[in-house]
Amino acid sequence: MSVQSRSDGVNTSLFEKREHIEKLHRTRNLLRKVQFIYDLPARLGKCIKSEAYADAVRYYTGAMPIFKAYGDSSFQDCKRASEEAVTIIIKNLQGKLFSDSESIQARAEAAVLLKQLNFPVDSLQAKLLEKLEQSLEELQLKMEEVANASADSNDPSKQGNISEAVPPTAHETSVREFAEAVRAYRVIFPDSDEQLTKLAQALVTKHFESTEQYIKNRICAADLLHVLGIIWKDVLLMDDVLPEAALPDYSLEAARVAVKQYVANAFSHLLHDISDALMRAHNKQKEGVEEDSLQVALEASKKAVLQGSMDALLDFRQLLDDSLGLLVKLRDLIVDWVQEGFQNFFGALDDLFLLLSGRNSSAPHDNSLTDGTQGEKVFAGLVLVLAQLSLFVEQTAIPRITEEIAASFSGGGVRGYEYGPPFVPGEICRIFHSAGEKLLNLVC
């Protein structure tokens with residue numbers, strides 16, 4: 001007898017036994033399902049007490065095929081008791097969804113479970129979106145806290161061990177919860193990308209609105225970098241859950257406005273410093289104090305011009321050297337803004353000298369720079385200080401500033417060639433050379 005024949009014989013003799021074993025196996029599985037159905041109301045009750053709603057929904061949806069087939073006959077009582085429990089679960093999930101004491105993520109998870117129970121969650125879409133919109137207020141940057149954190153990060157005594165893990169701030173935790181809620185919302189409402197994009201962009205817009213208000217104060221580059229770092233971290237977090245919003249590109253334009261404002265404000269503060277030094281000399285002359293005060297005013301003004309410019313360049317250099325994604329794309333623009341800023345700054349400084357000397361300037365000017373001098377007698381000593389300061393700008397300040405710009409702020413070229421170079425030191429030198437001669441003629 002062949003091996004194949006023997007194998008066929010064995011299979012035939014074992015067929016009935018195999019059939020019996022498979023029947024017992026199916027019966028055991030069926031008994032397990034039956035026992036699961038009978039135990040379901042009690043299971044759901046335990047889940048309600050422990051608030052394990054995800055487990056409850058999983059149990060109930062798993063039993064639905066049997067209820068649909070036999071719920072009106074064999075398992076009628078179990079079905080009715082289970083449905084009563086599910087009614088309580090739906091009510092509790094709705095309460096969780098709209099409870100202000102629950103986190104955004106917990107409310108979003110409740111909506112997912114309601115959807116799995118075939119509850120008409122589309123009717124809740126507007127309400128849940130409203131909750132997300134309200135949460136934006138809680139995510140706004142609090143600049144007082146940001147400023148304190150920035151000061152601590154720059155203080156070596158408060159930095160601690162650099163290898164220690166830094167715990168997330170309350171803001172980071174809140175934004176992360178918001179991002180996870182947005183992720184869940186997209187799952188619940190797949191057609192909601194447009195609404196969520198507007199929401200995410202609103203978050204970035206509010207961040208930069210707060211930043212622009214913060215910049216109006218006299219802050220340093222490190223403070224600005226700290227704020228931009230927080231914003232960029234939020235942008236990347238939101239971009240991970242909602243790439244369709246293109247937040248990196250959206251935030252780039254807002255960052256461009258903020259950084260340009262920061263550069264312009266830095267030059268405005270520098271001009272005020274020089275004006276303050278000159279106004280002190282003017283006030284001293286009004287009081288009859290001459291020699292010492294004029295020399296002090298001249299030295300203070302020289303320091304304000306040169307050291308103030310060097311400090312500003314050092315500050316701007318931090319913006320160029322930082323590897324933050326937002327700033328890397330703005331480097332050429334920053335170079336142009338700095339060069340153009342110095343050109344405009346020295347033009348405004350020339351106008352200030354004309355005003356303080358009693359000569360008229362056709363250019364618009366900031367009245368706050370010369371408050372208290374309009375219509376007053378112009379003293380020869382102050383005019384002499386202005387003449388010497390003009391000479392200092394021409395012969396010392398401009399060459400030093402030009403050297404630093406060439407070393408650290410070359411390039412740029414974003415602005416059109418038809419506008420010419422943003423910084424023309426030769427033109428500035430000619431302006432102050434002419435101004436110095438005119439001022440000397442006033443006192444001779």
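Computed from the coordinates by the stated procedures, all read-outs in this text should not be read as laboratory data. Everything quoted here is computed from the prediction, not taken from an experiment. Methodologically, a virtual Cβ is constructed for each residue, glycine included, from the backbone with ideal geometry; neighbour enumeration extends over all protein chains shown.
Coupling constants for region 213-229 follow from the phi torsions by the Karplus curve (6.51 cos²θ - 1.76 cosθ + 1.60, θ = phi - 60°), and in residue order they are 5, 5, 5, 4, 6, 8, 10, 9, 4, 4, 5, 5, 4, 5, 5, 5, x Hz; glycine and proline get x. Computed from the C-beta positions of Lys68 and Arg176 and an R0 of 45 Å, the FRET efficiency is 0.65 to the nearest 0.05. In the structure shown, the pairs Lys46/Lys79; Lys142/Lys206; Lys49/Lys96; Lys260/Lys302; Lys142/Lys198 are assessed against 19 Å; a Cα-Cα span above that value is assigned to Lys260/Lys302; Lys142/Lys198. Our coupling estimate for region 314-330, obtained by passing each phi through the Karplus curve with A = 6.51, B = -1.76, C = 1.60 and θ = phi - 60°, is 5, 5, 5, 4, 4, 5, 6, 7, 6, 8, 4, x, 4, 7, 4, 6, 9 Hz, Gly and Pro reported as x.
Taking a Cβ cut-off of under 13 Å around Glu177, the surrounding Lys, Arg, Asp and Glu residues balance to a net charge of -2, with basic ones at +1 and acidic ones at -1.
Among residues other than Trp232 with Cβ under 11 Å from its Cβ, the summed charge is -2 (Lys and Arg +1, Asp and Glu -1). Using the average count of surrounding beta-carbon atoms within 10 Å as a protection proxy, the listed peptides 260-266, 424-430 rank, highest first, as 260-266, 424-430.
The calculated FRET efficiency for Phe98 paired with Val187, based on their beta-carbon distance and R0 = 25 Å, is about 0.85. Other residues lying with their Cβ under 12 Å from the Cβ of Leu203 contribute a combined charge of -4, Lys and Arg counting +1, Asp and Glu -1. Placing R0 at 25 angstrom, the Cβ-Cβ distance between Gln76 and Ser123 gives a FRET efficiency of 0.25 after rounding to 0.05. For the peptides 315-328, 293-306, residues were scored by their other Cβ atoms within 10 Å and the scores averaged per peptide; the highest-first order is 293-306, 315-328.
Computed from backbone phi with θ = phi - 60° and the Karplus coefficients 6.51, -1.76 and 1.60, the 3J(HN,Hα) list for region 349-354 is 5, 4, 4, 4, 4, 4 Hz; x is used for glycine and proline.
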